[in-house]
Every structure is written in C-alpha cells, then in structure tokens.
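The structure appears below as structure tokens.
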Amino acid sequence: MKHRLLLVCLAAFALSIPAAAEDGYDLWLRYRAADAAAYPELAATVRELVGGGGTPTLAAAERELSRGLNGLGGADVPLVAAPTRDGAIVFGTPRSSAAIAALTLDLGRVGPEGYVIRSTAVNGRATTVIAANSDAGVLYGAFHFLRLIQTRAPLRALDIVSRPRTKIRVLNHWDNLDGHVERGYAGQSIWDWHKLPLWLDPRYTDYARACASVGINGSVLTNVNANATSLTPAYLEKAAALAGVMRTYGVRVYLTARFSAPMELGGLKTADPLDPAVRTWWKAKVDEIYRYIPDFGGFLVKANSEGQPGPQDYKRTHADGANMLAEVLAPHGGIVMWRAFVYSNETPTDRAKQAYDEFVPLDGKFADNVLVQVKNGAIDFQPREPFHPLFGAMPKTPLMMEFQITKEYLGFATHLTYLGPLFEEALESDTLVKGKGSTVAKIVDGELHGYKLTGMAGVANIGADRNWSGSQFDQANWYAFGRFAWDPGADSRAIAQDWLRMTFSNDARFVQPVLAMMMGSREAVVDYMTPLGLHHLMDTGHHYGPGPWVGNLSRADWNPTYYHRSDANGIGFERGPKGSGATSQYSPQAAARFSDLKKTPENLLLWFHHVPWDHRMSSGRTLWDELVLHYTHGVEVVSQMRVSWAAQQGRVDAERFAQVAAFLAIQEQEARWWRDACIAYFQSISRRPLPAGVAAPAQPLEYYQSLKFPYAPGHG
Ligand code: GCV
C-alpha cells in the first residue's frame, strides 16, 4: 500500500515536470522532435549521416547535424562512412569528401564562405549534399539544412546556393571587464573574465554555435568605450581562450583599442599617431596579440567621441589614427573598424551633421584594411531615423553598417519590439546617389561603389541571463541581425517566420497571429515613443522612460528639447535650407525630397521640419491631432498584442508563455506612460484640446516629471 502511494506520488510529480525545460536557453536551435505523420519527408530523406569531421570545424558540423537530426527525427540517425541507402546526408568540402569532389556543384559561385545544398545521387543512392569551399561554409550549410527541417520546408529536389553578401559580420559587445554591459538588459556580461582562461563556460560554445547558425563570423569582445587593460598580457591570454572556442565555429575575435593605450600601458608621453614611438608601441602590441591569437580579427575603435581619446587630441585626423593601426595589423591580415559615431565637444549647430562633416573630407584617405563603421542613422539608434547621410557620400571608403540589437531606445528587454523591419527599412532606403535603386544595402554590400571590404556590425543584446537576451522575443533580434548581415536584401517577415517556427512552434494557429504581432511591434514603439519623426525624447542617461521636458543638461544636444524644439507655433527640428541645412548632406535628389515639407515622408516629418501645430496632414487632420492619435494608437497596438498572445496559451510551453505575457503587461503599462507623459507635456506647449474621444493623460504633467530611475539597467 505504502509503495503504491509512493508510485502515485512519483507519477504525479513526473507529470508536473515538463518534458524539457523551456527557459529560452536553446534559442532557435531547439531541435524538438517533428510530428512524423505531419512531416513524412523527414524520415524519407534523412536516414543516415555520412561522417566527415576531419577538422575541428567539420567535427562541429557533424556534431550539430547529429544533434539536430537526432532531435528533430526523434531517433538516432546512424553515422556511416559512405551512403548505404537512400536518404544519406553527405557534407564537406571537395578536400574532405571524395564524394563531394566527384560531384559538379559549381562551388565557384559561393565564394569562401557560401554553400550549396543539393538533392543528388551518390553511389546510386538518393542523397542530400551540403558542400562548401571552406569548413565554415559547410557549417553554415549544415545550419541551413537543419533550419529547413525546423521550419518543415520541403526536403526533396533541393538546390540551394547561398553566399554572404558581406565579409565582416560581427557582434559588438559593449561589455566591460568588470562584467557590466553598457546598454545591456540581459544581466552581466557572458564573458567571465575573472575565471578565464582556465574556466571555459559551455555557454561560450553555445554562443559560437548560435552565431555560426546565422553566419556571424566575428565578435568584438569589449566595449567601444575601451579599457586599455584588455590589451595587457593577462587579458590577451583570456581573449585567446575565448578565441580558441570560437575559432571552431568560424567566429574570429576582435578587441576595442583605446587610443591612449600607449600612454596608459606603455608609459609614453603621447598617443599622437604620427609619433614614431607611438607607432612602434602599437606595432609591438599588435605583434604580441597575434602571438596569443593567430587569427585575431583586428580592432574596433571609438575615437574623439563622447570623451574617448583619439587622433584629434593631437590635431590629427581620423584617417591618421585609423591608418596607424591598419599599418601594423595589415601584415597579419587584421582590419580596423573605425567608428563614425562622433560629435565634437563644441556646441554644434546640428549634431546630425557632424559625422558627415568630419568624415567626408577624408574619403579615399583610409588604408585598404580600414572600414568606417556608420550607425544606421545620424543621431543614435532611435526608434526611427532617416538613413545616415554618410551612406553614399564616401564612395572611396568602405562603410560598414552598425545596427543596435540591444534596445537602448526601444524599451530595453521588456518591450516586445522585433527589429527586423527597422533593419530592413534602413537597408532599403534609397540614397539616390547613383539614381533610383542606390539603396543603403547596395552600399553596404559593396555593389554600388565596388568596395572590396564589406561588413555589418550589431551591438549585441546578449548577457548572462538564462535566455541570453533578457526576453524570449529579443532573441529574434540577434537572429535577424545575422540573417541581414548575410543578406542585406533579406525580408524581415520571412526571417521572423523562420525564427518563430524554430523557436516556438510550426502550428499555423500560432505562427500567423504571432508573426503579425512581431511585424507590427516596431511601429507601435515608434508611435508610443517618437511618432512622426520625433527623436531623442528619452529621459536623461538611462534612456528608459519619457523625458521630452528635459532641457537643463550642460550640452545643448543632450537635451530632448534640443531635438523636438516645440513652441507655441509648432514642433520639430528644421533641417532644411532655412534651418540647420542637414538635408544638403544627402544626394541632390534625396535632399530635394527631405528639404521640402510637402515631399518629406510623414513618418520623418518632424525630423526634418519645424511644423505648425495646425498644419494639415495627408489624413486631413491637424498635426496636433495626428500626433495625439499616433501616441494613442501605439498603446492600442500593444493592448492588442497582449490579447493575441493570451490566445496562444496552450500552444507554447507554460514557462515561456508566462514570461512573454508578463513582459507584455509591463510594455502596455509603459506604453501608456510614454503616451500620457508626452501628450501631457506637448499639450502644455501646443495649448490645444485633445481630439474628440481621446482619453486625457492619467496624471498631471508634474507626476511624470517627478519619476526617477537611478538604477535602470545598462546605464553607461
Ligand atoms: C558605447 C550612445 C549610448 C552610449 C554608447 C554610444 C556609442 O550614446 O548611449 O552608451 O557608448 O552611443 O555608440 O558609442
């Protein structure tokens, strides 16, 4: 009797434990078994894996395929030396696999990192071949093949040819050596510097797997607000240990270089890039780095920006600084990514103009192994910005895109904001510099100006939180970044759909509504934070909540009032010829469009123009009414997102369902806060009534102004 009771208790306990913990750790590499009846071609096309792991990277591909195929198929797929029956998966390069060498696969089309996935015959057996010119290419192809299964795609008659359109596809970690992540909302840094190099957290391998699964091939380990200590031998040894893990997955390690390191570490009196002793110091330092990390990628540098040291401290140019580093990296095959996010110490006429003013005169003056890294917009990763005027303005200098994956200005980790549409909008923007179709994507991938070096960087949203990104849906932004870096012409909806299917479920009743929710989520944030081209209304320092009233900071361009310029007459920053003239930094065709209030797209109106409150919008409403309705609409969309998600209960595991639901509740509350605070403030200036039927802010303006967040995460 006693035993029976015990068994009943044990059974009840076992039933209460989910089959597998669903805390988000597995990311989109969740290889849960597919329903064989609903997806019969999996069993028919995947029966055995032909082993080919001669190198560490091919061994990683083999491990991943085994893990994925075993998990997705629900049974172990045997590993064999050569196809023995129909349904073999053969992977490798022409060097590693005689079967692949014997096939005509046109690998010339895929370059050093691309791959071919093809259904063909090997030894008379129906086989799927995953082939590439390099081991990393094979690994990328293996992940693509697994993705096909994860998304329940057809597996027969495959003929996939894929090659990356950019060469350098890197994450920028703004991680400090003390573990704090600047603008990080997913906990502490994943790099446990204190325990490195001897303790290699298994997370490092899973990080590298996730990066490789979307083609990310570089990781800048340290914050752009750099600490010279990362270049000391003790830290180089730690970085080398990380490089050892990542190398297997085709991910190269990069570091940020503090420009004043020769003084701080070398005891020199100057860091002048033209000083021979400084150049000698950097040469020795770079040679030393390569002794630790033979495949070191190079440096990312933030110089003369927000107080960071740089060549201008010695009356030298950005090109002087970048080229000094480039010269010593070149013999080792390293590169410099020199950031264009600069704004000078003098109070500017318009901060949006500064990067262009400083960099365009330097076009053609950078060494061949330098890329200038440009944020998608000229201010700072706002919910919406027009494309940066540098794109198209430096034909002789490779420009790489910098996106921010971490959501500094888009609600941190709790707001569900899928960034795919933001990336896509920036990349699809037409600079018109060489006529119609001169998109930012074609500049970034080198097509328009013939850049030899190309790249895309994403400021990482990764931390030590169990779910990596601070929320389940923020993982989609890491994923989407990788896919856009591989193909800047990619489609954000298709990417979101893949991610949802891989991460959650292939059930159409789940995919369709949640996809719609993701696709509308970025516009909702724009609406409840900064509609119609407004920007930088975030409160001081932490950039979390609204602070449109802030106007007392020491630098004019740190104040939201500097950006929205609202007064009794109207609102917006006049950047046309009668204002700051920033529109003249675009190509003449684009400038003509942005300079003219009537031709400026309404979603950027207040970015480019100071517009009267009573201006008639295309809807026939006044600007004031339209503004209020956008704020209100943003909140309504979030409320609807909550409803859509609530309907998914039971279609996703309880653990992730509950976290997403709770975060959406936070988002709704905060969207309302943003709306109410901004309407209360702007109404105190516009002095106009709210449109009929629109709810008044819940609290008086003073209430919103009194809120303080001294401990908001991620603050630099
Ligand atoms: C790393 C913004 C952020 C800073 C960041 C800076 C940059 O200003 O608020 O935290 O510094 O951009 O991109 O360098």
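The values are calculated or read from the model by the stated rules, or taken from the named source; none is laboratory data. Everything numeric here is computed off the predicted structure, so don't read it as measured data. Reconstructed Cβ throughout: ideal geometry from the backbone, glycine too, with neighbour counts over all protein chains shown. Calculation scope for accessible area: heavy atoms of the full protein, side chains included, ligands and nucleic acids excluded. Shrake-Rupley method; radii C 1.70, N 1.55, O 1.52, S 1.80 Å.
In segment 280-300, is there at least one residue being over 16 Å from Ala261 (Cα atoms), surrounded by fewer than 19 Cβ atoms within 10 Å (Cβ to Cβ) and within 16 Å of the ligand (Cβ to nearest atom)? Among the residues of segment 280-300, not one is over 16 Å from Ala261 (Cα atoms), surrounded by fewer than 19 Cβ atoms within 10 Å (Cβ to Cβ) and within 16 Å of the ligand (Cβ to nearest atom), which makes the answer no.
Listed here are the residues, each with its yes/no results for (1) modelled with pLDDT of 95 or more; (2) aromatic (Phe, Trp, Tyr); (3) open to solvent by 30 Å² or more (accessible area, probe 1.4 Å).
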| site | (1), (2), (3) |
| --- | --- |
| Ala671 | yes, no, no |
| Ala677 | yes, no, no |
| Phe682 | yes, yes, no |
| Leu690 | yes, no, yes |
| Tyr703 | yes, yes, yes |
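Restricting Ala88, Ala33, Ala98 to residues that are without any contact (Cβ under 8 Å) to a residue 60 or more places away in the chain, over 35 Å from the mean Cα position of the chain (by Cα) and either surrounded by fewer than 20 Cβ atoms within 10 Å (Cβ to Cβ) or more than 17 Å from His144 (Cα to Cα) (or both) narrows the list to Ala98. On the basis of being modelled with pLDDT of 95 or more and touching a strand residue (DSSP E or B) at 6+ places or on another chain (Cβ under 6 Å), does Leu664 make the cut? Here the answer is no, as Leu664 does not meet what is asked. Only one of the listed residues (Ala654, Ala695, Ala671, Ala712) is touching a Phe, Trp or Tyr at 6+ places or on another chain (Cβ under 9 Å), among the aliphatic types (A, V, I, L, M) and more than 18 Å from Leu416 (Cβ to Cβ). That residue is Ala712.
One residue alone among Asp175, Asp192, Asp206, Asp201 is away from the ligand (no atom under 16 Å from the Cβ), under 19 Å from the mean Cα position of the chain (by Cα) and among the charged types (D, E, K, R), and that residue is Asp206.
Checking each residue of segment 235-247 against the condition of being surrounded by 24 or more Cβ atoms within 10 Å (Cβ to Cβ) and assigned to a loop (DSSP other than H, G, I, E, B) gives no match.
Within segment 540-594, being of a type in the set (A, V, I, L, M) and in contact (Cβ under 8 Å) with a residue 24 or more places away in the chain holds for Ala556, Ala568, Ile571, Ala582, Ala590. The residues of segment 510-567 that are part of a helix (DSSP H, G or I), within 25 Å of the chain's Cα centre (by Cα), within 16 Å of the ligand (Cβ to nearest atom) and buried (at least 17 other Cβ atoms within 10 Å of the Cβ) amount to a single one, Met529. Is it the case that some residue within segment 230-251 is closer than 27 Å to Gly307 by Cβ, within 16 Å of the ligand (Cβ to nearest atom) and over 19 Å from the mean Cα position of the chain (by Cα)? There is at least one residue in segment 230-251 that is closer than 27 Å to Gly307 by Cβ, within 16 Å of the ligand (Cβ to nearest atom) and over 19 Å from the mean Cα position of the chain (by Cα).
Among the residues of segment 631-643, not a single one is among the small types (Gly, Ala, Ser), in contact with a Pro (Cβ under 6 Å, 6 or more places away or on another chain), open to solvent by less than 30 Å² (accessible area, probe 1.4 Å) and under 20 Å from His536 (Cβ atoms).
A residue that is at pLDDT 95 or above, outside any helix (DSSP H, G or I) and among the polar types (S, T, N, Q) occurs nowhere in segment 272-287.
You will find that of Ala464, Ala490, Ala480, Ala457, the residue that is buried (at least 24 other Cβ atoms within 10 Å of the Cβ), away from the ligand (no atom under 16 Å from the Cβ) and hydrophobic (A, V, I, L, M, F, W, C) is Ala480 and no other.
Scanning segment 101-155 for residues that are farther than 24 Å from Leu500 by Cα, in a loop (DSSP other than H, G, I, E, B) and among the hydrophobic types (A, V, I, L, M, F, W, C) yields a count of 3.
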